[in-house]
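J.: Please read through the structure below; I'll follow up with questions.
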Amino acid sequence: MTMNYKKITWLCLIVAMIMAMTACAKGPSDSESASSAKNDKDITIAVNQNFTTLDPQNVSDTLSISATHAMYEGLVGFDKNMTIKPVLATDYKVSKDGLVYTFNLRKNVKFHDGATFDANAVKANFDRIQGSKGSLTASHYLKNLKDIKVIDDNTVQFTLTKPFSAMLNKFAMIPMISPKAIKKYGKNIGLHPVGTGPFEFVKWNQGESLILKKNPDYWDSNYPKVNKVTFKSVPENGSRVAMLKTGEADFVYPLPEQNVKSLKSSSDISIDQTESTIVRYVSINTNKKPFNNKKVRLAMNYALNKDTYIKVVKNGFGSKLDSTMSPKTQFYSKQGVYEYNLDKAKKLMKEAGYPNGFSAEIWGDTASDTMKGMQFVQQQLAKIGIKLKVKAMEQGTLSNEIYSPKTPDQAKVQLWYVSWSPSSGDADGATRSLFSSESFPPNGANTAYYKNNEVDSLIKKANKSTDPDEQAKIYKQIQKDIYSDAPWIFLGVDTILSGHRNNLKGVYVLPDGSINIKNAQLK
Amino acid sequence: MGKYVIKRIIGIIPLLVVVSFIVFLFIHLIPGDPARLIAGKEATVKEIQAIRHELHLDEPIFQQYLIYMDGLLHGDFGESIKSHIPVMHLIGERMLPSIELSLLSMGWALVFGILIGVLSAVFKNRWPDYGGMVTAVSGISLPNFWLGLVMIQLFSVQLGWLPTGGADSWKGYIMPSIALGAGIMAMIARFTRSSLVQTLKEDFIRTGRSRGLSSMTIVFGHALKSSLIPVVTVAGLQFGFLLGGSVVVETVFSFPGMGRLLIDSIQLRDYPVVQAELLLFSFEFILVNLVVDLLYGFLNPKISYET
């Protein structure tokens, strides 16, 4: 076995070296990598998911909404605090009976393809949505719309079938597409966005990035202040943070909570916190024993330490939920917190006839922070003798379990660890689907099977009202009633974390989790 | 030979039909209603019914299969339930990066794997062997997401040589291909080593040596070729898996591949996208298998496909 293998060794080494060298040799010659070739007026935003569609009337995820809102605008829109302001309309009027909405449109506005924005363009958009027979997301917002009339070139009038107080918020969720583009691209409009917004579409690389450029003819000549915006989809938390550190990204959202500490010491990076409209809670099936007993529900609320919840489950970022909705939602009214009180909880359990507790199931999806949350609730409720079985289900299966029962008595759900954010920031969206008895699954998300006749009639009354002060009063009463009935274990309100390089200004995350880039500016 | 290839290719068609049926059945049988999932949590029963009708989901499942197959035969894979974007577009844009990444990972894994395997075999139980096998075992044991994150930390954050991810330049392919290929290289090295060690004990090698052939000619000219059959088998299988995309590596490196698309679509029960992807994976797998079979004939002339 003493052969001369020297040559073989040499050959192997040489091949390996050639391979390694070809890999490196190309390096300096075309080093147009993302970081070095970036122009002074270009910004990159790293986000955690893929865009699903760029059809602004068919988006449902907040990330795609962020992108469509950079290219498209509605008649009205939201400001930083989710209040309504006119955008493509200069002003609007609502009739006394709450049925007729009249919008005066902004003049001299052009779509990116040169088409003129006028009353007929608005009508073409609403015709498209209503003609979709429910397959476009935006059609959910127009359930109460009877017709739309073009009064003159710059005035449109909408008539509703019944008053709906949140209608303006719904209008804010319906951006205007160029009528020319609707005709040209038809169903594929999601791949070829053409709007009036500050940024124009350049390219969408599926699963990777979305590139936008400045709209030079934007109606507000003060904007935009950057030339090019690239959205990059970076699902891994560590990679997103790395991009912020290297400067490959100027803005990242969401910023993982566990990285806040290490980034705070960096002089190039700032961290922003936004209170969100996302509330976290456990819905309690009030139709089932023993949860039909209010004392049991109150005991569960008192038994849970919310401070620890925020510290342990939310890594210290968040606030205690002190109503049925977030402080950032329209007509929020503070109710107070069921402060942690174990003795009181035990006493309530005794009074309810369960001194030794009982067993139940808590459901949730398989996301790691949901699991963490469910385990926390399990551990807390064990202290008053409630033995919870944690059941995590993949989201499709979970949705099936929740929504397939046809009647409240068929429902198997007991406790559900979940979150809610109203899609258009309005009080109706944070109330009706969750607490109206019309919204029992499969008709809505009232998985507490909460039924309170007074709340039901107040919800209807609020929708009929056209006076914001009266609405505020009604929603205050609604929140009070529901809060004292405790159909949920009230947990927390999420804090949204984002990070940016210090040379970037003006990019921010709204309370609903969408990113606004209109004011983006580089120093 | 040509006849054999044609026969095999024609044989793929009925296989794909069967696959399409199984895929269709399974994806429709798992619980979860796409109409409910896309309509959102505020939707009412009436709205969901309208969507179900629009998507033909209210028809009997066999009817739905026929509608789907009818589209397929006309080259129409349908559109995503979620976004209304044509499935061909969704897959098309991700397919090329995925294939390129697979080829690159496989390419370097093959070259280095075989080199390490050869070195280990000819220096059996000496230091190059130990060195090679330590490399191989590490390659198999290191989780690829960990390797990925460590590389990002080192080459992107600390040294700034490579982008953290994306596929916009060839540089974006380097780290993901290393993370993906490491395990495969290790496997190939081990298979090459054990197979070559066996071959070097064969009579024809001893004969070669006694004829005074150089060690170079013996190892690369005679022994390696006939040792490669198990290596090709493993490599073929691994390549098939690679083409299916890797969720983990695509996630760490923000790479626009097929793996993440598949997971996202399954979560949303986006039937047309899932069906098209699984069909494509099956097709790729079958094709790779065919190539592997043909390579057998080339590596060992005793295996003949003439009938």
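The values are calculated or read from the model by the stated rules, or taken from the named source; none is laboratory data. Since we're looking at a predicted model, the values are computed, not measured. Reconstructed Cβ throughout: ideal geometry from the backbone, glycine too, with neighbour counts over all protein chains shown. Each accessible area value is taken on the protein alone, full model and side chains, heavy atoms only, with ligands, DNA and RNA left out. Shrake-Rupley method; radii C 1.70, N 1.55, O 1.52, S 1.80 Å.
J.: What are the pairs, 6+ residues apart or on separate chains, where a residue within the stretch B:264-293 that is outside the structural domain of B:Ala39 (by TED's automatic domain parsing) and under 16 Å from A:Gln206 (Cβ atoms) has its Cβ under 9 Å from a residue that is basic (Lys, Arg) and buried (at least 18 other Cβ atoms within 10 Å of the Cβ)?
T.: Partner pairs satisfying both residue conditions: B:Asp264/B:Lys82; B:Ser265/B:Lys82; B:Leu268/B:Lys82; B:Asp270/B:Lys82; B:Val273/B:Lys82.
J.: Just for the stretch A:239-255: of the residues that are in contact (Cβ under 8 Å) with a residue 24 or more places away in the chain and at the interface with chain B (Cβ under 7 Å from one of its Cβ atoms), which one is farthest from B:Gly165 (Cα to Cα)?
T.: Step by step, filter the stretch A:239-255, then rank; the result is A:Lys245.
J.: A further question on this structure: Just need a number here: residues in the stretch B:117-133 that are facing chain A (nearest Cβ under 8 Å) and either assigned to a loop (DSSP other than H, G, I, E, B) or touching a residue at least 40 places away in the same chain (Cβ under 8 Å) (or both).
T.: 3
J.: A further question on this structure: Look through the stretch A:90-113, keep the residues that are in contact with a strand residue (DSSP E or B) (Cβ under 9 Å, 6 or more places away or on another chain) and of a type in the set (Lys, Arg), and return whichever of them is nearest to A:Phe158 (Cα to Cα).
T.: A:Lys93
J.: Scan A:Thr44, A:Thr9, A:Thr2, A:Thr22 and give me the residue that is over 30 Å from A:Ser135 (Cβ atoms), within 12 Å of chain B (Cβ to nearest Cβ) and at pLDDT 90 or above.
T.: When all the criteria are applied, what remains is A:Thr44.
J.: Consider B:Lys171 carefully, then state whether it is within 10 Å of chain A (Cβ to nearest Cβ) and modelled with pLDDT under 85.
T.: No; evaluated as a whole, the condition is false for this residue.
J.: Out of (1) within 12 Å of chain A (Cβ to nearest Cβ); (2) open to solvent by 50 Å² or more (accessible area, probe 1.4 Å), the odd one out for B:Pro143 is which?
T.: (1)
J.: Inside the stretch A:182-238, can you point out the residues that are within 14 Å of chain B (Cβ to nearest Cβ), of a type outside the set (Asp, Glu) and part of a loop (DSSP other than H, G, I, E, B)?
T.: A:His192, A:Pro193, A:Gln206, A:Gly207, A:Val234, A:Pro235, listed by residue number.
J.: Six or more apart or on different chains, Cβ atoms under 9 Å: show the pairs whose first residue is in the stretch A:304-321 and without any contact (Cβ under 8 Å) to a residue 60 or more places away in the chain and within 14 Å of A:Val260 (Cβ to Cβ) and whose second is open to solvent by 30 Å² or more (accessible area, probe 1.4 Å) and not small (Gly, Ala, Ser).
T.: A:Asn315/A:Glu257; A:Asn315/A:Gln258; A:Gly316/A:Glu257
J.: Given (1) farther than 30 Å from A:Thr83 by Cα; (2) more than 14 Å from chain B (Cβ to nearest Cβ); (3) within 26 Å of the chain's Cα centre (by Cα), where does A:Ile402 come up short, assuming only one miss?
T.: Tallying (1) farther than 30 Å from A:Thr83 by Cα; (2) more than 14 Å from chain B (Cβ to nearest Cβ); (3) within 26 Å of the chain's Cα centre (by Cα), A:Ile402 fails exactly one: (2).
J.: Within the stretch B:79-91, can one find any residue that is more than 9 Å from chain A (Cβ to nearest Cβ), over 29 Å from A:Lys133 (Cβ atoms) and assigned to a helix (DSSP H, G or I)?
T.: no
J.: I'd like to know if the stretch A:425-444 contains one or more residues that are at negative phi and away from chain B (no Cβ under 14 Å).
T.: Scanning the stretch A:425-444 turns up no residue that is at negative phi and away from chain B (no Cβ under 14 Å).
J.: If you don't mind, there's one more thing I want to ask. Please note which helices (runs of 4 or more DSSP H) are completely contained in the stretch A:239-328 and include at least 1 residues that are among the basic types (Lys, Arg), open to solvent by 10 Å² or more (accessible area, probe 1.4 Å) and under 25 Å from B:Ile152 (Cα atoms).
T.: In the stretch A:239-328, the matching helices (runs of 4 or more DSSP H) lie at A:260-264.
J.: Looking at A:Ser404, A:Ser399, which one is farther than 22 Å from A:Asp456 by Cα, open to solvent by 30 Å² or more (accessible area, probe 1.4 Å), free of Cβ contacts under 8 Å to residues at least 60 places away in the same chain and among the hydroxyl-bearing types (Ser, Thr, Tyr)?
T.: A:Ser404
J.: Now for a different question. Looking at the stretch A:134-173, which of the residues that are charged (D, E, K, R) and in contact with a helix residue (DSSP H, G or I) (Cβ under 8 Å, 6 or more places away or on another chain) is farthest from the other protein chains (Cβ to nearest Cβ)?
T.: Per the stated criteria, the residue is A:Asp152.
J.: Do we find a residue being in contact with a Phe, Trp or Tyr (Cβ under 7 Å, 6 or more places away or on another chain), more than 8 Å from chain A (Cβ to nearest Cβ), in a helix (DSSP H, G or I) and open to solvent by 40 Å² or more (accessible area, probe 1.4 Å) anywhere in the stretch B:103-116?
T.: yes
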